[in-house]
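These notes concern the structure reproduced below.
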Amino acid sequence: MSELLDFNYPPEPAVDRVTLFADVILPLPLPKLYTYRIPFEMNDDVLVGARVIVQFGAKRVLSCIVADIHENAPADYQAKYILDVLDDKPIVTAPQLKLFRWIADYYMCTIGEVINAALPSALKLSSESRIQLHPHFNPEEDDIPFATQEAKIIYALQQNQALTFSDVGNLLQIKSYHKFIKSLIQKEAIIIFEQVSDRFSPKVVKKIRLTEHFVQEEGMLEELFNQLAPKPKQLDILLNYLQKVPVHQDINLNYAGIEKSALANNPHLSKSSIDSLIKKGVLEQFDQIISRFPVDNSVPLKPMTLSEHQEQAKDEILGLFKEKDTVLLHGVTGSGKTEVYIDLIKHALEGGGQVLYLLPEIALTAQIVTRLMKVFGDKLGIYHSKFSDNERAEVWQGVLSGRFQLVVGVRSAVFLPFHNLSLIIVDEEHEPSYKQYDPAPRYNARETALMMAHLQGAKTLLGSATPSIETYYNCKTGRWGLVTMSKRFGEAKLPEIELINVREEQHRKNMHNHFSGKLITAIETRLARNEQVILFQNRRGYAPFISCDECSWIPKCKHCAVSLSYHKYNSELRCHYCGYHERMPHDCPACGATTLKSMGFGTEKVEDDLKLMLPNAEVQRMDLDTTKKKNSYQQIIADFETGKTNVLIGTQMVTKGLDFENVSLVGILNADSIIHFPDFRAHERAYQLFVQVSGRAGRKGKPGTVLIQTRDPLQPIFRKVHSNDYTSLYEHEIEERMRFGYPPFARMIRITVKHADEKISENAAIVLAKDLTDQLGRQLVLGPEVPYIFKIRNLFLNEIHVKLPRENVNLRAAKQAISKVIQQLYQLPDFKGIRVVADVDPA
Ligand code: ADP
Ligand code: ZN
Ligand code: ZN
């Protein structure tokens, strides 16, 4: 490694050449940009927005993005040379660089942190990055011309499977080896991966289709039938094929074929008949790499015609876009917002612009992506965190090259290299999951999307059945446009909502575990009618904590101030904050009693109990624990969609935007755990959650019912949920927010002080709060306060809230003052090891 790094090149400058410098963004939390010297021979090759390789510090060699090129040598240090140029075209666009700067400024972090979050790892190279052979590349067969150095790398990869970049440097014994790696990537001979777990291994299925000339040539199919008449078994296969893949209706369907297993899916049909037909050349077998989101070709797309309401909403939106950049579509659950979006997307794409469609949760993308695929086909790119690095890098490149004109994605899709956006859709705009809270950048994708639209002259459509108070306020004050859809699509009605008083039911001995008799009966009736049920419980795991009946011992996390949750399926106690886990003890470690009891309940217990009570029901659970694998969401949703399961139990994952036509009952098992949350947004959040989860019922004609279990049915929030009265919620909330100076009337910045020593953390927070008060004034600084969960990952927390009024405060200056005060705190010897995190607009 080291001989690779000590370099004395390039040669002395020729007299008449310009000396150029590049400011680069390193993917590291550095407060400023670093300037590197461009070697003369690279003068024409270094571009703003492209990656170059530099050495940083004594040992590290890594890729970074060029932010600026100029002729000014840095004043306070000797610029090192750029080692290599990776891209001959920018991979970060000009509007993106502006956006990244805005994110860093607004959310009080460094641009390096932004770049680090933005770029897929496969585009961030370092001496630790690894390469492997491309899965489709066969060195024996492919005769692509390779340079000697390239051939060396390929040979080494055949022996070793994977090499790090530094291995390659050692192998070739030259400093600028990156160009060979780059060229091999372009020739699709190798791919880069960051972690071993990310190694790219495509899934392949064996598929069958008719040989082309039977489909393409007139009369061939009829003739085939005649020929096969004496072979009834083979004829059956053929008939089964045509039934599943109706090529006589659309010959293009043949291309995708059918999975071999699905073609011999009943006992009369034999696999050997398929093989005979393959031998005869009637059928052919081929491998297909399973795409990330399988497109179901067997159901041809029925073009949807917008209803009158939808048509009207669309016209209103387009009308408002003439005057305003941002419009909210406030449409009740099931009003058919998605189709309105699709129409607007078509419109925008036809105008030649790019479109970004943001969704809060990947659970949701599965359904919407299938729908969008059918309309937009391969113009559609998909971006989310369950994708591997290579897949994400592919979408990134696809946006740059114009292959993907439309991208549907979660939060991080705002980082993609668009340059010509004309429309951004933020679906379920109220969702807290648009906000990233750790690590930096602690950005909100909705706000970032608005800035992105502003920078590119695009329009933004926000959509929700339960808009955030801030968004609605912007509409009410006329800053943004507002379009309303108050009816469900078609014949569907909003569901009936009924409260169940758990306290009373307990008195009447009518509670079975956590189910009221009423809820159980309701579930049974729906299942008997072949309808489906969604059950919502806010917590995952079996129980939020366990306790000893004898001595009241409660197991706590070793690293955090929380009790451990009990997960029954793997008999584990687990911390939901740091991941610490241990075996569920058999006896109480404190007193030895065998009376450990689980307290409260999570989704796992709901599942367990329900399976005992209704052994015939097909029950599935969707929460963080059951969706760790890449495609598990899709599987769970598909099973529910096709009716394979009849009850879906889940955390908030089941509340968001999912559309199932056969769900006639939604049960909320413990509404009180949602309402009692100490936060100024508690009411808003509770309303959104209740209305959204209720909104999954009765979406297609069948009337829906929502049963809410609570110990206190008189709470005012239920009245608003019951009458679907968003306006009254809004009016109540906005008045409170005004009175107490909360958003949208102020901006909040939450500053968290962390230290392993409780006392140091507290003292530092006191000093920080005092300094902030000196800078900003008494009335803007609240705290410090010890948060409810006061220790996470062995660090003791103290919080300070800064409240900056909308009017008469220079936000930028205030943030700069805060940053400065934090920097000063870091300098104080008493507080060595302190960490301070500023979170702007905390969720
Ligand atoms: P929302 O997102 O507003 O909750 P969806 O977009 O999911 O509502 O639409 C609700 C249901 O109505 C979906 O099943 C959708 O397929 C159906 N739907 C909406 N618009 C149309 C249309 N124009 N023609 C046929 N079905 C439609
Ligand atoms: Zn005990
Ligand atoms: Zn923990």
- request: Give the residue that is modelled with the highest pLDDT, with candidates limited to residues of segment 787-843 that are out of contact with any His (no Cβ under 7 Å at 6 or more places or on another chain) and polar (S, T, N, Q).
  value: 798
task: Report, by residue number, each residue of segment 303-357 that is more than 13 Å from ligand 1 (Cβ to nearest atom), in contact (Cβ under 8 Å) with a residue 60 or more places away in the chain and part of a loop (DSSP other than H, G, I, E, B).
output: 323, 324, 325, 351, 352, 353
message: Tally up the residues in segment 51-84 that are modelled with pLDDT under 90, assigned to a strand (DSSP E or B) and within 27 Å of residue 441 (Cα to Cα), please.
response: 8
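Going by the conditions given, is residue 703 open to solvent by less than 60 Å² (accessible area, probe 1.4 Å) and outside any helix (DSSP H, G or I)? Let's see the steps before the verdict.
Details: open to solvent by less than 60 Å² (accessible area, probe 1.4 Å): no; outside any helix (DSSP H, G or I): yes.
So residue 703 fails the test.
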task: Would you mind stating whether residue 348 is over 27 Å from residue 654 (Cα atoms), open to solvent by less than 40 Å² (accessible area, probe 1.4 Å) and at pLDDT below 90?
output: no
- request: Please work out if residue 679 is away from ligand 3 (no atom under 16 Å from the Cβ), touching a residue at least 24 places away in the same chain (Cβ under 8 Å), acidic (Asp, Glu) and part of a loop (DSSP other than H, G, I, E, B).
  value: no
query: Can you name the residue in segment 759-789 that is of a type in the set (D, E, K, R) and out of contact with any Pro (no Cβ under 8 Å at 6 or more places or on another chain) and, of all such residues, is least open to solvent (accessible area, probe 1.4 Å)?
result: 771
message: Out of everything in segment 627-656 that is in a loop (DSSP other than H, G, I, E, B) and open to solvent by 20 Å² or more (accessible area, probe 1.4 Å), what residue ends up being modelled with the lowest pLDDT?
response: 630
query: Across segment 526-540, what is the total count of residues that are outside any loop (DSSP other than H, G, I, E, B), away from ligand 1 (no atom under 16 Å from the Cβ) and either touching a His at 6+ places or on another chain (Cβ under 6 Å) or open to solvent by less than 60 Å² (accessible area, probe 1.4 Å) (or both)?
result: 5
Top-ranked residue in segment 69-95 [being under 31 Å from the mean Cα position of the chain (by Cα) and farther than 21 Å from residue 186 by Cβ; ranked as surrounded by the most Cβ atoms within 10 Å (Cβ to Cβ)]: 95
message: For the condition within 16 Å of ligand 3 (Cβ to nearest atom) and open to solvent by 70 Å² or more (accessible area, probe 1.4 Å), what is the one hit in 612, 624?
response: 624
query: Can you tell me which residues in segment 231-268 are farther than 22 Å from residue 213 by Cβ and either surrounded by fewer than 17 Cβ atoms within 10 Å (Cβ to Cβ) or under 37 Å from the mean Cα position of the chain (by Cα) (or both)?
result: 232, 233, 259, 261, 262, 265, 266, 267, 268
statement: Checking 550, 572 in turn, the sole residue that is of a type in the set (D, E, K, R), at pLDDT below 95, within 16 Å of ligand 3 (Cβ to nearest atom) and farther than 21 Å from residue 671 by Cα turns out to be 572
field: Residue within segment 472-480 that is closer than 18 Å to residue 428 by Cβ, crowded, with 23+ Cβ neighbours inside 10 Å and either at pLDDT 95 or above or away from ligand 1 (no atom under 16 Å from the Cβ) (or both) present
entry: yes
- request: From (1) modelled with pLDDT of 80 or more; (2) over 17 Å from residue 259 (Cα atoms); (3) out of contact with any helix residue (DSSP H, G or I) (no Cβ under 6 Å at 6 or more places or on another chain), pick out the condition that doesn't hold for residue 236.
  value: (2)
task: Sort out for me the strands (runs of 3 or more DSSP E) sitting completely within segment 541-623 that have 2 or more residues that are more than 16 Å from ligand 1 (Cβ to nearest atom) and under 30 Å from residue 531 (Cα atoms).
output: 619-622
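Could you please let me know if residue 742 is among the hydroxyl-bearing types (Ser, Thr, Tyr) and either part of a strand (DSSP E or B) or over 22 Å from residue 427 (Cβ atoms) (or both)?
Yes: the conditions hold for residue 742.
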- request: Could you please find all residues in segment 570-585 being farther than 13 Å from residue 542 by Cα, more than 27 Å from the chain's Cα centre (by Cα) and away from ligand 2 (no atom under 16 Å from the Cβ)?
  value: 582, 583
message: Between 556, 605, which is of a type outside the set (Ser, Thr, Tyr) and either open to solvent by 40 Å² or more (accessible area, probe 1.4 Å) or more than 33 Å from the chain's Cα centre (by Cα) (or both)?
response: 556
- request: Go through segment 794-806 and count every residue that is closer than 20 Å to residue 763 by Cβ and either open to solvent by 70 Å² or more (accessible area, probe 1.4 Å) or of a type outside the set (Asp, Glu) (or both).
  value: 8
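The values are calculated or read from the model by the stated rules, or taken from the named source; none is laboratory data. Since we're looking at a predicted model, the values are computed, not measured. Counting neighbours? That spans all protein chains shown, and the Cβs are built from the backbone with ideal geometry, glycine included. These area figures cover heavy atoms from the full protein model, side chains too; ligands, DNA and RNA do not enter into them. Shrake-Rupley method; radii C 1.70, N 1.55, O 1.52, S 1.80 Å.
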